[in-house]
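The block underneath contains the structure these notes are about, expressed in structure tokens.
The values are calculated or read from the model by the stated rules, or taken from the named source; none is laboratory data. It should be emphasised that the depicted structure is a prediction, and the values quoted were computed from it without experimental measurement. Cβ sites come from the backbone with ideal geometry, for glycine too, and all protein chains shown count toward neighbours. Ligands, DNA and RNA are stripped out before the accessible areas are found, and what is left, the full protein with its side chains, is counted by its heavy atoms. Shrake-Rupley method; radii C 1.70, N 1.55, O 1.52, S 1.80 Å.
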Amino acid sequence: MYVVCMTGNLIIIVISNIDPALNTPMYFFLGNLSFLDVLCTTSTIPNMLANFFSKHKVITFHGCVIQMFIFTAAMDAEFLLLTLMSFDRYLAICHPLRYTMIMHRRMYIRLIAGVWLGSFFSISLSSVLAFRLKFCNHLIDSFFCDLSPLLKNSCTDTTLIELLSVFAASTLYISVLVTVISYIKIVLEIQKINSADGRGKAFSTCSSHAIVVTLVYSSCIFLYAKPATGQGANYNKEVAILNTVVAPLLNPFIYTIRNQTVRKSLSDILLFTRKQKNHMFQKLCKIRKAWLLAYSACKNGRH
């Protein structure tokens, strides 16, 4: 699953950068979403896979905090990016004539820079404070280092870190609110379209993103709403698999299966690659034929 996840997301990143037909804000955001999925999985899954084959399942303290920082920052960035993508769909459907004026190249590059910087600063202070924690128990009841298991094992006062983590978690709820409002306006605007084909086309441009949003937001809300002790801890580990493995694995398939533009771009790239291979094979055959003729001529000349 990790290999398939990496392959699918890397393909999305490549085709969104090399195909001129995908040089739009939506696919620029999609490429960044795939990169965030790569970060989420790479920060957690390789260490978990290594522990499957290891008798001693350990991680260094500094490695634990760095893993927590990368995963949490990537998840915060994903919340902001999904919100930005829903707002982009709102502009494209509700204000199509003004869309290109508002969402020009400099604008969406600034927006994506704000997503990365916002996620970095929202988690950086709590990660710095986590380095100063002292622990009574060095056993982490999870398959990766999240903030909740670290705070549970700490002997020092964690009030400030908990307040900062609440501030960081508010990103999720604000993102959900903005996304829901955007989709309510989108649905109301689509209902005004008279033709069934027009409504179907408008819904198809949002359906892939809506599926991803539902998958990511529902799992994250359930994860942070459940208790951190007792049976809830086991449920949290199971739900965390959705964020670290399942969602990043499904995202490329959801966007490619339901998106004709991405499918066409991928097929064009594969066709171009096949033509290049055939062209290279023909050139090699010509070189081989010329070499055989030259060899035959030299051999006959000796006789």
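Remark on segment 25-136: hydrodynamic radius 16.1 angstrom, per the Kirkwood mean of 1/r across alpha carbon pairs. When R110, R89, R132, R199 are compared by accessible surface with a 1.4 Å probe, the order from highest to lowest is R132, R110, R199, R89.
Taking 7 Å steps out from each Cα toward its Cβ at V246 and F131 produces label points 3.6 nm apart. Given their separation in residues at 0.36 nm each and the Cα-Cα distance between them, S148 and S218 gain 23.3 nm when the chain is fully extended. Tell me whether segment 48-197 comes out rounded, prolate or oblate; compute the Cα gyration tensor, take square roots of the eigenvalues as a ≥ b ≥ c, and use a/c under 1.5 as the rounded threshold. It is prolate, given that a/c is not under 1.5 and a/b is the larger ratio.
If R0 equals 30 Å, the separation of the Cβ atoms of V180 and L160 corresponds to a calculated FRET efficiency of about 0.45.
Every Cα-Cα pair in segment 111-210 was counted, and those over 23 Å apart are 51% of them. Listed by chain and number, the aspartates and glutamates whose alpha-carbon sits under 17 Å from that of K57, ignoring those within fewer than 8 places in the same chain, are D141, D146. Beyond 28 Å in Cα-Cα separation lie the following of the pairs K201/K237; K55/K134; K55/K237: K201/K237. For the pair L10 and A113, label points projected 7 Å from Cα toward Cβ lie 2.9 nm apart.
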